[in-house]
Structures are given as structure tokens and as C-alpha cells.
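Asks: One structure coming up, written as C-alpha cells, with questions to follow.
The values are calculated or read from the model by the stated rules, or taken from the named source; none is laboratory data. If you're wondering where the values come from, they're calculated on a predicted model, not measured in any experiment. So basically every Cβ, Gly included, is an ideal-geometry build from the backbone, and we count neighbours across all protein chains shown. With ligands, DNA and RNA removed, areas are computed over all heavy atoms of the protein, side chains included. Shrake-Rupley method; radii C 1.70, N 1.55, O 1.52, S 1.80 Å.
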Amino acid sequence: ASPRLWSTDTPELYTVRTTLSQDGETVDLEENTYGIRKVAWERDGFYLNGERVELVGVNLHSETYMLGNAQSDDAIFAEIKRLREYGFNCIRMSHYPHDPAFYAACDRYGVAVIDCLAGWQNYSDTDAFKNSTYEQMRDQIRVNRNHPSVVLWEPSLNESGYTSAWARDMH
């Protein structure tokens, strides 16, 4: 298997704890893991933190054998771990955001993620549709930007015949 791109055992991952208090009582607590990394796509390949890394990938739907979409976090982690053991270090998500456990598993096992805009074989050249896709991409980036596994966002609608104007505006 190829070496990990990063792991929870390295200093590249950090946890920040946010506590919301009211009258001295904790009313909410959130912990987020994030990573600091430099990602570059050059003519000769992909670079992570200045080192060229050969990406070996798969395209993955959010479903697990025998479980379909009713997969547990443990099943997601087991699947990502198994893919790493098979030598894959990159996953292109298929047509929609996946469960938060998917991103956490990719962070843990050092798997690069190509995070895709939701959609497949459908494009409508209406303002409502286009504005919805722009907002969706912004939201997806905001939600997943701290995951060190996400190395690329794919702001396109797979097999949908979108216009060059939409692609330019989406970019």
C-alpha cells in the first residue's frame, strides 16, 4: 500500500474545542479536527506539503455492501480503511456530499477527497436552479474546508450538459 498522506498520529491534525456558556454553565460543546496543509496541482502531478504524491483513486457512492445507505459510522470507517489497505489514497465522491463520518475516516486514514457538487444528468438554465447550485457549492466548501482530506472541490454537474457561462460563474 502507498504511504498515508497524513494521519491522526502526525502533528498536521489539530482539534479545536468550542464551548458555549451561559451564566457559568456549559450549554453547548463542539470539537472539530482540522488540518493545515498545502495542496498544489502542477503540470507533473499533485503535491501535498511540497511533496509529489501519486494519487490512486476510486469513485465512491455513499453506500456499503449489504447496508446500502443505511450504513453506520463504523461501516464507513471500515470501508475507508479497507480501501487504504488495497492501495487507494484518493476518492472522488459520487454526485453528492457524503456522511460526516466519511470525511472523518478519510482524515484518519490519509485518503485524499475530491468533493463533488450534488447533481447528476440534470441541468436547468434557470436563475433559480443556477443560484441554488452556487449556494450549494459555497455551503459545501464552508462545511468541509477544515478537513485535510479534501484536496479538490469539483464544481460541475456530472454528465449534465451545463453551459460554459454556468461553469464560469460556478468557478
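Residue-wise test of (1) open to solvent by 20 Å² or more (accessible area, probe 1.4 Å); (2) outside any helix (DSSP H, G or I); (3) under 24 Å from residue 40 (Cβ atoms).
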site	(1), (2), (3)
107	no, no, yes
125	yes, yes, no
130	yes, no, no
143	yes, no, yes
152	yes, yes, yes
156	yes, yes, yes
162	yes, yes, no
165	yes, no, no
169	yes, no, no
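Asks: OK, next. Go through (1) aromatic (Phe, Trp, Tyr); (2) under 24 Å from residue 36 (Cβ atoms); (3) surrounded by fewer than 22 Cβ atoms within 10 Å (Cβ to Cβ) for residue 103 and report which single condition fails.
Replies: Unmet condition: (3).
Asks: Taking the conditions exactly as written (out of contact with any Leu (no Cβ under 9 Å at 6 or more places or on another chain) and of a type in the set (S, T, N, Q)), does residue 122 satisfy them or not? Show your work before the answer.
Replies: Numbers: out of contact with any Leu (no Cβ under 9 Å at 6 or more places or on another chain): no; of a type in the set (S, T, N, Q): yes.
Here the answer is no, as residue 122 does not meet what is asked.
Asks: Among the residues of segment 12-51, what is the count of those that are over 23 Å from residue 108 (Cα atoms), open to solvent by 90 Å² or more (accessible area, probe 1.4 Å) and not polar (S, T, N, Q)?
Replies: 5
Asks: Can you tell which of 83, 117 is out of contact with any Phe, Trp or Tyr (no Cβ under 6 Å at 6 or more places or on another chain), over 18 Å from residue 161 (Cα atoms) and either open to solvent by 60 Å² or more (accessible area, probe 1.4 Å) or not charged (D, E, K, R) (or both)? Talk me through it step by step, then tell me what you get.
Replies: Numbers: 117 fails: over 18 Å from residue 161 (Cα atoms).
Residue meeting the stated conditions: 83.
Asks: In segment 52-64, is there at least one residue being open to solvent by 30 Å² or more (accessible area, probe 1.4 Å), of a type in the set (Val, Ile, Thr) and on the phi < 0 side of the Ramachandran plot?
Replies: Within segment 52-64 (the criterion being open to solvent by 30 Å² or more (accessible area, probe 1.4 Å), of a type in the set (Val, Ile, Thr) and on the phi < 0 side of the Ramachandran plot), the answer is yes, since at least one residue qualifies.
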